[in-house]
Every structure is written in C-alpha cells, then in structure tokens.
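Everything below concerns the one structure shown next.
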Amino acid sequence: MPREEYVLVCISCGESYPREEVVYRCRRCGDLLEARISPGGVFRLDTLIGRVHSMWRYRELLPSFFNRIVSLGEGYTTLVKADKLAKVVGVREFYVKLEGLNPTGSFKDRGMSVGVSMACMIGAKSVVCASTGNTSASLAAYAARAGLECQVYIPEGKIAWGKLFQARMFGAKIYQVAGSFDDALKRVMARGGEDAYILNSVNPWRIEGQKTAAFELWEQMGGKTDYVVALPVGNSGNIAAYWKGFKELQEHGLINDTPRLVGVQAEGASPIAEMLTRGLESLPDWPNPETIATAIRIGRPINWKKGVRAIRDSGGTAVKARDEEILDALRLLATTEGIATEPAGATPIAGVKKLVEEGWLGRDEKVICIATGNMLKDTNEALVSWNKPQKGD
Ligand code: F0G
C-alpha cells in the first residue's frame, strides 16, 4: 500500500508548509494551520477487526512517517449507552463516551501521542505547553516516556490538584502564571517555541491525534452518523478535531452524512457561544473567564476559527451552561448511570438538557456526550457538595 502524504496548510490563505517544518501560525497571514492528509488507502469497518485497541488502529489516516510512535495505549475508549439518562433528558437514545479512561485520564492523550512523536521526529529536546491542567498532565507523561524535558505554564491557583499532581509526578517543570490560561498561553506563544516544541492545540499534530475519537464513534455506532455529538469547548481544538475526523470519513467514502456538533461552554467563559448566538463575525473580548469547570476556563480560544467552522458547517449549535447546571448534570450522570467525570466533562449533558427544553433537539434524537476527563482529577468535594451540612448536624 502506498504511504500517506502530509502537508501543513493555512486554513485562510492556503499557504502550505512541509510536514516537518516547525511552524505554528501561517507565516504569510498569521492564521491557523491544519495537517492535510492524502492517504495511501483507508480502513473499513471489517478491516479494523483484530487491530490494536488504541487510536493507532486507524493507521491509514494517521502519520506513518515517524521514526518512533510514542504511545501509552490511548484511545479506543468505552461508549456507554445511558438509557435512564435518555429518559430523564427526554431523547430517544443517549450515549456517553468515557474519555477519562485514557492513560492520563483525558482526551489530550490522543493528541499528545501524535504531537510528542512529532517532537521526537524533528529532534526536539524539550516540549512546552500552557494548560488548565489536563494538557500539562498528558504532555508531562508522554514527554517522560519519550525522554524529553517538559515545561508547563499554568494559571496560578486555578487548576485542579489532581492534574497538578500528575504533571509533578511525571517530572515536568511547572511555572505558575498570575492570570488566566489565556495569559499563560500568551507567554508560551510569545517565546515562539525557540527552545522547546509547543504542544498546545494550536499545533496541528495535536488535532491529528484527537480526530481519532470521531473514527471511534463511527466504528462504535456501527458505521452510522445519525446522532448529535455534544462536547465541552475551551480552546475549541477538540470540537475542530471531531469535525476533521468526520469530514475525512466523508471524503474517503465511509459516510454520507456528518453528525451535528454541539459545543457547550460554561457561561462565565463562553465567547464562542456568545459569538454564535449573537451572530457576531468575530470573537467578543472576554478578559476575565470564570467557571468552576476550570478545564474550560478560557476567554480567548486560540482555535476559535476552526471551532466555529466545525459548529457551523456541521449544522450544529453552541450553548452555555451555568455552573449550577454543570454540577447538576454531573450529579445526574453519576447517580443515574454510575458514570462520573470532572466538571468540564459534564457540561455537554447540561447543554443537551437545555437544547431539549428549548426544542433545538427533538425527542426522537440520538445524542452522544463526550465526558472529556476523569472524575478523580478534580475531587474538590466542596464543588459538588449536595450534602451541605444542615443546621444542627
Ligand atoms: N474538557 C476537558 C476535561 C479539558 O481539559 C479541556 C481542555 C476541554 C474539555 C476543552 O477542549 O480546549 O480543545 O476545546 N483543556 C485544556 C488544557 C485547555 O489545558 O488541559 P478544547
């Protein structure tokens, strides 16, 4: 079988760059880049049988040019049918994809497997990211496995302890930045990656790994696409990755129609939902993002153009959820189905509930919610304390 070919292409002006060039933004117009693949062949449902139980089972639509694949067995996560939740929410079928089952407990591992393999390919000695927690935990683990130095920039006092513990445990150098994630990312991008390879989702190789979750939904749903996929949105790299995955399935003749993608943001950090619901042409300023779902406490999503495109082109929508609604959704999922996630991972359920109430989602729909992170990362009990001590206790 011929090998696939890759090139990096600007999403605005179409300028292209060789696949191994270290470039994060188009040098001509400054916009985002995308890794574009011309595969040598493609998988089908039946050719996947018996393959490795990780995202690397979709090898035809992933890079094969690496000198080493840095993997911890990421991907191939469980999709649980949630019948009780379907009844409570009021849709025909409801599924939850457990991305918290990935090696470091979040979907970021998919992107880091490809991204850190690329870092090895180009001979990087050091990798760096800004993070609300999960990206740093994941990068630290994959860097350790690859033998690379890892630096992470986090918003001071604003990431869950479990995630900070992971980054420390995996040996990353941790820098706390006064301000938000947006300030931390600005710091990383300003350094331009001169001494370390940047592995935030502005790096198109991250998206290449994360798109495999769409392939998995297609496989797990028996090749069908007659459902809506709802995801939490921060930087909007992940929703863009799902869209890229579904578009590739369509381009290669594996599906006719693509699912609608629903992006859910926490109300206090919802520039994309605001932009789409108000019909704005660009992202509104959001200087002080605030939410208990710290993973998505982001005011200036670096991938907003890709994310907005994914939502619009798929015929989907964006919706906001208040912190109380996110916590209610988290408790609902846990107590009706025995599934839990970190708060950001429950935002899609809160969003779907709203869309059913508003009538955007009909009672006959099939819905898949992506629970993006493991519940044990953020065990701040006060956050979810429905058993507040009563007077006299
Ligand atoms: N859910 C979780 C659990 C996350 O950690 C993130 C992002 C998202 C959803 C949103 O994904 O940014 O691609 O739209 N976490 C990043 C981090 C920002 O640093 O860990 P997105």
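Values in this text are rule-based calculations from the coordinates and carry no lab data. None of the values given here were measured: they were computed from a predicted structure. Every residue, glycine among them, receives a Cβ derived from its backbone with ideal geometry; neighbour counts consider all protein chains shown.
Data table
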| read-out | value |
| --- | --- |
| Stokes-Einstein D for segment 1-62, Kirkwood Rh over Cα pairs, 25 °C, 0.890 mPa s (µm²/s) | 184 |
| Electrostatic dipole magnitude of segment 1-128 [Cβ: Lys, Arg +1; Asp, Glu -1; Cα centre; debye, to 20] | 260 |
| Cβ-based charge dipole, the chain, positive-most Cα from Val70, Asn303, Ser282 | Val70 |
| Overall form of segment 199-338 per C-alpha gyration tensor (a/c, 1.5; a/b vs b/c) | oblate |
| Using a Förster distance of 30 Å, the FRET efficiency for Ile174-Tyr17 (Cβ separation, nearest 0.05) | 0.45 |
| Potential extension, Thr335-Ser64 segment - 0.36 nm per residue separation minus Cα distance | 93.3 nm |
| Charge dipole (segment 1-150, unit charges on Cβ, about Cα centre) - positive-most of Ser131, Gly105, Met118 | Gly105 |
| Pairs of Cα atoms farther than 17 Å apart, segment 217-282, % | 48 |
| Dipole magnitude of segment 194-289, debye to nearest 20 (Cβ charges: Lys/Arg +1, Asp/Glu -1, about Cα centre) | 240 |
| Inter-label distance for Arg51 and Arg312, nm, one decimal - labels placed 7 Å from Cα along Cα-to-Cβ | 3.3 |
| Charge-dipole axis of the chain as Lys and Arg at +1 and Asp and Glu at -1 on Cβ define it, positive-most pick from Ile349, His53, Val80 | His53 |
| Projected-area mean, segment 263-393, by convex hull of Cα positions, square nanometres | 9.7 |
| Under the Karplus curve 6.51 cos²θ - 1.76 cosθ + 1.60, θ = phi - 60°, whole-Hz ³J(HN,Hα) for segment 151-160, x wherever Gly or Pro sits | 10, 10, 10, 10, x, 4, x, 10, 10, 5 |
| Theoretical FRET efficiency, 1/(1+(r/R0)^6), r = Cβ-Cβ of Thr379 and Leu280, R0 45 Å, to 0.05 | 0.75 |
| Karplus-derived HN-Hα couplings along segment 370-377 (A = 6.51, B = -1.76, C = 1.60, θ = phi - 60°), whole Hz, x at Gly and Pro | 9, 8, 6, x, 6, 4, 7, 6 |
| Estimated vicinal HN-Hα couplings, Hz - segment 115-120 in sequence order (Karplus 6.51, -1.76, 1.60; Gly, Pro = x) | x, 6, 4, 5, 4, 5 |
| C-alpha center-to-center spacing [segment 61-138, segment 226-271] in angstrom | 15 |
| Whether the chain is rounded, prolate or oblate, judged on the alpha carbon gyration tensor where a/c under 1.5 counts as rounded | rounded |
| About the Cα centre, charge dipole magnitude for the chain (Lys/Arg +1, Asp/Glu -1 at Cβ), debye | 380 |
| Protection proxy ranking, peptides 330-340, 264-274, 180-190, 35-45, average beta carbon neighbours within 10 Å, highest first | 264-274, 180-190, 330-340, 35-45 |
| Rounded if a/c under 1.5, otherwise prolate or oblate - segment 60-170, Cα gyration tensor axes | oblate |
| Projected label distance in nm at Thr78 and Ala190, using a 7 Å step from Cα toward the beta-carbon | 4.5 |
